[in-house]
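Asks: Quick one: structure below, then a few questions.
Every read-out reported here was derived from the displayed coordinates using simple, explicitly stated rules and does not represent laboratory data. In this text, all values refer to a predicted model and were calculated from it rather than measured experimentally. Positions of Cβ are backbone-derived with ideal geometry, glycine not excepted, and every protein chain shown enters the neighbour counts.
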Amino acid sequence: MSVNSVASQQKRIDSIDVLRGIVMVIMAIDHVRDFLHQGAYLDDPLNLSTTTPVLFFTRWITHLCAPTFVFLSGLSIYLQSTRKSASELSSFLFKRGLWLIFV
């Protein structure tokens, strides 16, 4: 097997990686929001009478992050299933799951 054929088999779809990266940055902003917002423990960011527009928007947009991230993960698994056998895919996902548990 030549280097070119290996490179073509492992081609990634850049748009999935970019979107996943954007979602991860937005999730990180949401996770540190409580440390950056003075009244985070007392006020609800979705309460329009006590919040600012920027805080409301960041909290509102972050509600889309988790479903988008799960969708992209499922899409990636589907795309891997077209390139790997069932046993290879199961082994890969099992190892990834163990890695995520221990990290």
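Asks: To the nearest 20 debye, what is the magnitude of the charge dipole of the chain about its Cα centre, counting +1 on the Cβ of each Lys and Arg and -1 on the Cβ of each Asp and Glu?
Replies: 520 debye
Asks: Let me ask another. Helix 14-36 sits at what angle to the longest principal axis of the chain, using alpha carbons and giving 0 to 90 degrees rounded to 10?
Replies: 30 degrees
Asks: Less than 13 Å Cβ to Cβ from ILE61, Lys/Arg counted +1 and Asp/Glu -1: what total charge do the surrounding residues give?
Replies: Local charge sum for ILE61: +1.
Asks: Quick one, can you get me the convex hull of the C-alpha atoms of segment 50-103 expressed as volume per residue in Å³? Mind showing how you got there, number by number?
Replies: Working: hull volume 5.1 nm³, N = 54.
Convex hull of Cα atoms, per residue: 94 Å³.
Asks: Based on Cα positions only, what radius of gyration and what Dmax would you give for segment 10-102, in angstroms?
Replies: 17.9, 55
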